[in-house]
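Below is one structure, written out as structure tokens, with a few remarks after it.
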Amino acid sequence: MSDDGPHLRTPSGKPRLRAFGIALDGTPGRLNAITDVPGVSVGYTTLISGDGPLQVGNGPVRTGVTAILPRPIADLATPVFAGVFSQNGNGELTGTHIIEETGAFNLPITITNTHSCGVTRDGTLRWMNKVSPAALDSGWGLPVAAETYDGFLNDINGHHVGFDHVAAALDSASGGAIEEGSVGGGTGMITFGFKAGSGTASRLVGWQDRSYALGVFVQANFGKRHNFTLRGRRVGPELVEPAIREGTPRAEKGSIIAIIATDAPLLPHQMKRLARRVPLGIAMTGGYGYHSSGDIFLAFSTANPEAALAASGDLAHAEFIPDVDIDPLFDAVVQGVEEAILNALVANEDMTGRDDNFVPALPKAWLKETFG
């Protein structure tokens with residue numbers, strides 16, 4: 001494997017899918033990350049401590065917070081046009097009602113574990129009041145906060161995520177290459193019986209004489225091993241080992257949150273159309289939206305800030321790509337979601353959590369032998 005470039009390795013040196021020479025569709029951006037969309041930044045707080053039997057309130061802890069800023073801090077009060085879609089609603093993403101009503105949201109996005117979703121939502125408001133108090137002076141905030149369940153590895157009922165952890169993730173948000181795998185809200189997550197969590201990818205989309213970036217971020221925590229599919233090959237049945245080891249019984253509580261960002265000028269109904277294509281990328285990997293899965297997706301565009309912030313009494317003007325030309329953006333969503341999920345699996349290592357529950361990483365030697 002080559003060590004050259006962010007397409008192949010994360011900032012800490014973990015391999016990404018492309019390090020194994022696996023052919024993928026579409027053209028990635030410079031970083032192959034959601035941060036290829038100008039102005040979008042990502043930050044993490046990762047909490048890993050303790051081993052052995054579960055002691056609620058003491059650990060072991062395997063969790064964290066992911067923060068995604070759709071605009072630079074100075075512009076976070078400016079809405080972004082957006083759309084949401086739920087493939088299976090056994091989960092939570094706050095702020096969806098206002099998005100459905102107005103086709104927009106503002107303020108940062110946070111993703112964490114199921115029982116800390118309210119903390120990250122409220123922590124975002126506390127942070128905004130500190131860094132940009134004018135944004136909340138004469139109005140209210142309805143932040144987007146999402147979750148997936150990490151209770152197999154983490155002391156989820158111990159409520160270890162606090163407001164300071166939310167602020168740290170938000171403060172650390174930056175552009176450039178971002179880490180993947182067991183970091184941030186993805187720290188304790190599992191996909192197809194392998195260690196997963198945070199993953200990202202991007203695609204460049206040309207329209208007329210312009211080029212736009214579409215970036216994907218997933219918190220992947222879904223799927224059954226026998227359904228796992230890699231680039232059209234159903235590999236799950238040949239990967240019986242390495243297996244999960246259950247110190248305590250593992251309930252099926254899988255979910256996936258996907259965030260789609262683009263600088264392409266699109267209207268809210270078009271953002272919802274992009275969000276509706278996320279399940280197609282998930283299906284490419286073998287995810288079928290089972291009953292216990294919270295499969296909830298948000299898409300937003302950073303274009304048209306003046307229209308999104310239009311004042312009373314003036315006509316607002318927004319540019320948008322015609323619906324008849326939107327198919328390449330659908331392609332980018334499907335391709336980016338598939339790769340982001342696979343990156344979350346590849347950029348990972350074995351993890352042991354509460355009660356010695358063990359989740360193996362996707363075997364790198366098998367990947368190299370099978371696809372390299």
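Some notes on this structure:
- Restricting the range 286-301 to residues that are polar (S, T, N, Q) and touching a strand residue (DSSP E or B) at 6+ places or on another chain (Cβ under 6 Å), the residue that is nearest to Ala220 (Cα to Cα) is Ser293.
- Answer from Ala169, Ala261, Ala177, Ala220 - the residue that is aliphatic (A, V, I, L, M), at pLDDT 95 or above, closer than 30 Å to Thr302 by Cα and open to solvent by 40 Å² or more (accessible area, probe 1.4 Å): Ala177
Per-residue answers, yes or no, for (1) among the hydroxyl-bearing types (Ser, Thr, Tyr); (2) within 16 Å of the chain's Cα centre (by Cα); (3) buried (at least 19 other Cβ atoms within 10 Å of the Cβ); (4) assigned to a loop (DSSP other than H, G, I, E, B):
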residue	(1), (2), (3), (4)
Arg62	no, no, yes, no
Ala77	no, no, no, yes
Ile98	no, no, no, no
Thr110	yes, yes, yes, no
Thr120	yes, yes, yes, no
Met128	no, no, yes, no
Gly139	no, no, no, yes
Phe152	no, no, yes, yes
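Residues checked against (1) surrounded by fewer than 24 Cβ atoms within 10 Å (Cβ to Cβ); (2) touching a Lys or Arg at 6+ places or on another chain (Cβ under 6 Å); (3) in contact (Cβ under 8 Å) with a residue 40 or more places away in the chain; (4) within 24 Å of Val84 (Cα to Cα):
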{"position": "Glu101", "(1), (2), (3), (4)": "yes, no, no, yes"}
{"position": "Thr114", "(1), (2), (3), (4)": "yes, no, yes, yes"}
{"position": "Ala146", "(1), (2), (3), (4)": "no, no, yes, yes"}
{"position": "Val161", "(1), (2), (3), (4)": "no, no, yes, no"}
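- When the residues of the range 361-372 are filtered to those that are assigned to a loop (DSSP other than H, G, I, E, B) and over 13 Å from Phe228 (Cβ atoms), the one that is modelled with the lowest pLDDT is Gly372.
- Hits in the range 14-26 - residues which are within 20 Å of the chain's Cα centre (by Cα) and either hydroxyl-bearing (Ser, Thr, Tyr) or closer than 15 Å to Leu345 by Cα (or both): Lys14, Pro15, Arg16, Leu17, Arg18
- Residue list for the range 286-338, filter: among the hydroxyl-bearing types (Ser, Thr, Tyr) and buried (at least 22 other Cβ atoms within 10 Å of the Cβ): Ser293, Ser301, Thr302
- Residues in the range 250-308 that are of a type in the set (Phe, Trp, Tyr) and outside any strand (DSSP E or B): Tyr288, Tyr290.
- Scanning the range 349-372 for residues that are in contact with a Leu (Cβ under 7 Å, 6 or more places away or on another chain) and open to solvent by less than 30 Å² (accessible area, probe 1.4 Å), we see that the one that is farthest from Ser49 (Cα to Cα) is Leu362.
- Residue count, the range 309-348 (criterion: farther than 18 Å from Asp263 by Cβ, touching a residue at least 40 places away in the same chain (Cβ under 8 Å) and either touching a Pro at 6+ places or on another chain (Cβ under 7 Å) or in a loop (DSSP other than H, G, I, E, B) (or both)): 3
- Figure legend. Inter-residue proximity from the range 63-82: first residues at negative phi and without any contact (Cβ under 8 Å) to a residue 40 or more places away in the chain, second residues among the small types (Gly, Ala, Ser) and outside any strand (DSSP E or B), beta-carbon distance below 7 Å, spacing 6+ or different chains. Indicated pairs: Pro72/Gly39.
- Checked against (1) assigned to a loop (DSSP other than H, G, I, E, B); (2) more than 16 Å from the chain's Cα centre (by Cα); (3) surrounded by 18 or more Cβ atoms within 10 Å (Cβ to Cβ), Arg30 passes all but condition (3).
The values are calculated or read from the model by the stated rules, or taken from the named source; none is laboratory data. Just so we're clear, the structure is a prediction, and the values are computed from it rather than from any experiment. Cβ coordinates were reconstructed from backbone atoms using ideal geometry, including for glycine residues, and neighbour counts include every protein chain displayed. Areas reflect the complete protein model, heavy atoms only, side chains present, ligands, DNA and RNA absent. Shrake-Rupley method; radii C 1.70, N 1.55, O 1.52, S 1.80 Å.
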